[in-house]
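Peer 1: My structure is below; once you've seen it, I'll send some questions.
The values are calculated or read from the model by the stated rules, or taken from the named source; none is laboratory data. All values reported here derive from a predicted model rather than from experimental measurement. Cβ sites come from the backbone with ideal geometry, for glycine too, and all protein chains shown count toward neighbours. Protein only, heavy atoms only, side chains kept; ligands, DNA and RNA dropped before computing areas. Shrake-Rupley method; radii C 1.70, N 1.55, O 1.52, S 1.80 Å.
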Amino acid sequence: METIRTDLAIEAHEMCSKEKAEKNRLSGIDVEEYSEGGVSVTVIEVKNKTGEKILGKPVGKYITIEAPQLKFSNEVYEKTCMEISKQIKRLCSIDESTKTLVVGLGNKIITPDALGPQVVSRLMVTNHIKTHMKDLLDDSYSSVCAIIPGVLGTTGIETTDIIKGVADKIKPQLIIAVDALASRSIGRISTTIQISDTGINPGSGVENKRDGISKETVGVKVIAIGVPTVVDAATIAFDSIDMAAEDSENFGEFSDSEKRNIIYRALTKNVGNMMVTPKDIDLVIERAAKTVANGINLALHKDLSLEEIESYVG
């Protein structure tokens, strides 16, 4: 059977919960949820191999921040930035002595894949100042450096090898890797941020898997941050047909997996494996990149307000 493609742990959990009809009680998986000011947070912790097998995700924490009004409300934008900062600090210890390498994954000339590079362009990068002009910055600032390693087709080098080479040279205590993700729901495009402490596999959402970026492969703790920017066309077709056929007794006789296989075979035959993105993807990426970047800035530079950060990075 063709499975639904998603990089989001919350969607994998929703599908598993639906199949097992026991939400929040999947073996080896703990779930914490709360909501405030238009922003909801779901923390999924995969605790052991049993949970790993059920969810299809490595042992670790997966934090999902959902802000449906992120594109329209400045208040929600500010709350989301603060929540990203809070959750990054929840996963690691950061102070003025911490050196962080932020990696902007993706292809900057392909808009739906340009989240990582655009986030890096909005960061408060301070490593060079902390190294050579220490008196210019007080202890509110930690040491931050950043790279945009590009993609294998452009560089001819595995992204993991580039990151490991840089990390071996500059010796950061933390790596934050930012990448675009795939979702199973069009409603989560640009309104959902996933933060995890398990690393990341660049390109996995569009079935272009590269070597994983994790502590095991690069030798440094890795926090992965992603925003979904694409959805599988087969998933959209399935959801649309299922909604339109709710009252159809004949169509209702098929199971979800049977419906999905019918749709997948039809789409594959006619258009191939297509990923879909919103028509306003330029604005989507710009808003998402600004939100993620300033959430990272708030986490890495203590005692600075969002207003101060925005005046620095523009």
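Peer 1: Quick check on my link table: of Lys108/Lys134; Lys89/Lys290; Lys71/Lys169, which ones sit more than 29 Å apart, alpha carbon to alpha carbon?
Peer 2: The pairs that break the limit, which is 29 Å between Cα atoms, are Lys108/Lys134; Lys71/Lys169.
Peer 1: Something else about it: Mind grabbing the accessible area of Met133 for me, 1.4 Å probe, Å², rounded to tens?
Peer 2: 90 Å²
Peer 1: Sorted by average packing, counted as other Cβ atoms within 10 angstrom per residue and highest first, what order do 61-67, 39-45 take?
Peer 2: Averaged packing, sorted descending, gives the order 61-67, 39-45.
Peer 1: Follow-up question, since we're still on this one. Under the definition of Cα pairs under 8 Å and six or more residues apart, what whole-number percent is the relative contact order of the range 1-154?
Peer 2: Relative contact order here is 15 percent.
Peer 1: Express the accessible area of the range 50-99 per residue in Å², computed with a 1.4 Å probe while the remaining protein chains stay in the model.
Peer 2: 49 Å²
Peer 1: State the percent of C-alpha pairs, over all pairs in the range 18-172, separated by a distance greater than 22 angstrom.
Peer 2: Every Cα pair in the range 18-172 considered, those over 22 Å come to 60 percent.
Peer 1: Specify whether the C-alpha gyration tensor of the range 120-179 places it in the rounded, prolate or oblate class, a ≥ b ≥ c being the square roots of the eigenvalues: rounded for a/c under 1.5, otherwise prolate if a/b is larger than b/c and oblate if not.
Peer 2: Prolate is the answer for the range 120-179, as a/c is 1.5 or above and a/b outweighs b/c.
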